[in-house]
Amino acid sequence: MKHLLVFITLLCGPYLAVAQQPAPKKPNIIIIVSDDHAYQAISAYGQGLMPTPAIDRIAKEGVRFDKAYVTNSICGPSRAVILTGKYSNKNGYKDNETSSFDPRQNSFAKELRKGGYQTAWIGKYHLGHKLEGFDHWQVLPGQGEYYNPDFLMMDGSTKRIEGYVSTVTEDLAESWLDQRDKDKPFCLVIGHKATHRVWLPDEQDYGRFDGKTFPIPPTFYDTYAGRKAAQQQEMSIAKDMQMGYDLKMFASYDSVREGAVKRMNAAQQARFRAYYEPIKKDLDARKLTGKALAEWKFQRYMRDYLSTAASLDRNIGRTLSYLDNHQLKDNTIVIYLSDQGFYLGEHGWFDKRWMYEESFRTPMVMRYPGVVRPGTVSDAFVLNLDIAPTMLQAAGLPVPPDMQGESMLPLLTGAKAKGRDAMYYHYYENGEHAVSPQFGVRTRRYKLIRFYKRVNDWELYDLQKDPQEMRNLYGQKGYEKITTDLKKQLSSLIDKYEDDEARQLMTAKTAAR
């Protein structure tokens, strides 16, 4: 019997050893989503407007995506796409004015939770007051406020917290990390309000860029020739940016009625007045008009916007330091992106919405120690749609078949991964800023856009010859075959993503010109 036991032990030993090995440790996940943060304002992208050391660190220790885009360039819909991995026509949240998000639908958070993850969303959510799939949440109502923000609590109450929103959001995120179940992997989404309009900086950042004069973008005085939709917009720095609401240039600072200022405490209001009132007095003394006033507004806008971005980057740095100090860095994926791009004076604009590059393209950087080689720069077409399947693949979990995104990991780890050769976009909102709804396709060289409702028109751009999208080539001689091929490609993507509204518009008589 003794010899038999020895024989069985020797025979089964290798299999017992395999069985006793611990399963690979699932990576923790932190997704940081900012609001309206332009890639042009991030030093990792080489623009030189301001330093962003924390975001740059993620890129340096991981990957910088140079061709990251969104499916629908507006706040709430973008978050719905990130959460569900589905286009707006499938997740149901098409715009901020007429849509509501159904939290009962599936999401990557729900899949991670089923897979053993502890999940949380803290900060800006912008998809209503009900969250599902999260063990913990504490979110800003709607757009949220910069100073002394209110937070919606899980018990249905609202709690006001004194301080600046970027710092408060990071404080809450770190508090949850301190209290989480240490025996489970975690997924934390940190939603920052910055840098959304009205670009109100933290007190410590007032005047941070006052000594700097920013170059006027070459397209600042664009006349929008040949682009009917652009001619009708209401997002011009010169004519649409408001002196009080946007630039804090009030007629009197004795009793400012603007809500963002009224909610400040006495000390905060005093510092606000001490900074902005002298600027207003200097402006009044100059009596600027025309181009001089437009360029003054641009400089003021840039200083406030970038000062607001400074607090964003600083608090992202705190997140990275927390991971360092708690020995979490080596097993935590960190991904940073904005909910879309943003205009910093290009074409004379602020805001987003368009399929034009500054709005369509978003900053995205990711750190995944041991998987993504530090210093990687990716030129692959990726979308915010891809966040959900990427996180599920990293967690070793199956991707639900109705998720329309594609994991980005093969692009970063497999030399043979092909990736997309074209991207589909659809913006639905027909309200603020008078931007016409639109959908289209972008390839490596060309972009074809179909506008509808406000403007019924097509636009075609050769991005190789005209990267600033100033010359609409649609209908011009010599571009007939290119246009036909792009329409076929667009139709194929519409079918792939099952966008019935776009399909109807493509086949309607008004689609032809």
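What follows draws every value from the coordinates through simple rules; no lab data is involved. Please read all numbers here as calculations on a predicted model, not as lab measurements. Cβ placement follows ideal geometry from the backbone for every residue including glycine, while neighbour counts extend to all protein chains displayed.
For segment 491-502, backbone phi angles converted through the Karplus equation (6.51, -1.76, 1.60; θ = phi - 60°) give residue-by-residue couplings of 4, 5, 5, 4, 5, 4, 9, 6, 8, 5, 4, 5 Hz, Gly and Pro being listed as x. Using only the alpha-carbon atoms, how far is helix 165-179 inclined from the longest principal axis of the chain? Give it as 0 to 90 degrees, nearest 10. With rounding to tens, the tilt is 10 degrees.
Its DSSP H runs of at least 4 residues, each contributing -39,500 (n - 2.57), put the calculated 222 nm mean residue ellipticity of the chain at -10000 deg cm²/dmol, to the nearest 500.
When you filter the GluC sites (Glu not before Pro) in segment 190-299 for DSSP loop state and at most 15 other Cβ atoms inside 10 Å of their Cβ, you are left with E234, E258. Computed over every Cα-Cα pair of the chain and binned at 10 Å starting from 0, the pair-distance distribution P(r) comes out as 4, 18, 28, 25, 15, 6, 2, 1, 1, 0, 0 percent. Projected onto their three principal axes, the Cα atoms of segment 426-511 cover extents of 31, 30, 23 Å, largest first. Working from the Cα coordinates of segment 249-299, the gyration tensor eigenvalues give, after taking √(5λ), semi-axes of 25, 11, 9 Å in decreasing order. If only the Cβ of Lys and Arg carry +1 and only the Cβ of Asp and Glu carry -1, the dipole of the chain around its Cα centre is close to 920 debye.
When only Cα pairs below 8 angstrom with a gap of at least 6 residues are kept, the chain shows a relative contact order of 23 percent. Each of C75, C187 was scored by other Cβ atoms within 10 Å of its Cβ. Arranged with the fewest first, they read C75, C187.
Here the gap between T98 and A417, fully extended at 0.36 nm per residue and compared with their Cα-Cα distance, gives a gain of 110.9 nm. Post the alpha-carbon centroid distance, segment 249-306 to segment 84-155, in whole angstrom. The distance from the Cα centre of segment 249-306 to that of segment 84-155 comes to 34 Å.
If the segment from R503 to A266 were pulled out straight at 0.36 nm per residue, it would be longer than the present Cα-Cα gap by 79.8 nm.
Averaging the sequence gap over all C-alpha pairs within less than 8 Å and six or more residues apart, then dividing by the number of residues, gives segment 239-366 a relative contact order of 16 percent.
A dipole drawn for the chain from +1 and -1 charges on Cβ atoms has a positive end, and of F360, T332, A194 the residue lying farthest that way is F360.
Here segment 378-477 is treated as a Stokes sphere of Kirkwood radius computed over C-alpha pairs; at 20 °C and 1.002 mPa s its diffusion coefficient rounds to 135 µm²/s.
Remark: segment 426-511 carries a charge dipole of roughly 400 debye about the Cα centre, counting +1 on each Lys and Arg Cβ and -1 on each Asp and Glu Cβ. Does segment 174-315 come out rounded, prolate or oblate by the C-alpha gyration tensor, with a ≥ b ≥ c the root eigenvalues, rounded set by a/c under 1.5 and, if not, prolate when a/b is larger than b/c and oblate if not? Oblate, since a/c reaches 1.5 and b/c is not below a/b. A dipole drawn for segment 426-511 from +1 and -1 charges on Cβ atoms has a positive end, and of I449, G475, Q504 the residue lying farthest that way is G475.
Restricting segment 23-94 to trypsin sites (Lys or Arg not before Pro) that sit in a DSSP loop and have at most 10 other Cβ atoms within 10 Å of their own Cβ leaves K25. Of the trypsin sites (Lys or Arg not before Pro) in segment 446-492, the ones in a loop by DSSP (not H, G, I, E or B) with at most 14 other beta carbons within 10 Å are K453, K465, K477.
In sequence order, segment 383-388 has phi-based couplings of 10, 4, 4, 8, 4, 4 Hz under the Karplus curve 6.51 cos²θ - 1.76 cosθ + 1.60, θ = phi - 60°, and Gly or Pro positions carry x.
Between the helical axis of 75-84 and the longest alpha-carbon principal axis of the chain there is an angle of about 10 degrees. The mean sequence distance of close C-alpha pairs (under 8 Å, at least 6 residues apart), as a share of the length of segment 357-417, puts its relative contact order at 31 percent.
Can you tell me how segment 292-413 classifies by the Cα gyration tensor, rounded, prolate or oblate, using a/c under 1.5 as the rounded cut? Oblate, because a/c is 1.5 or more while a/b does not exceed b/c.
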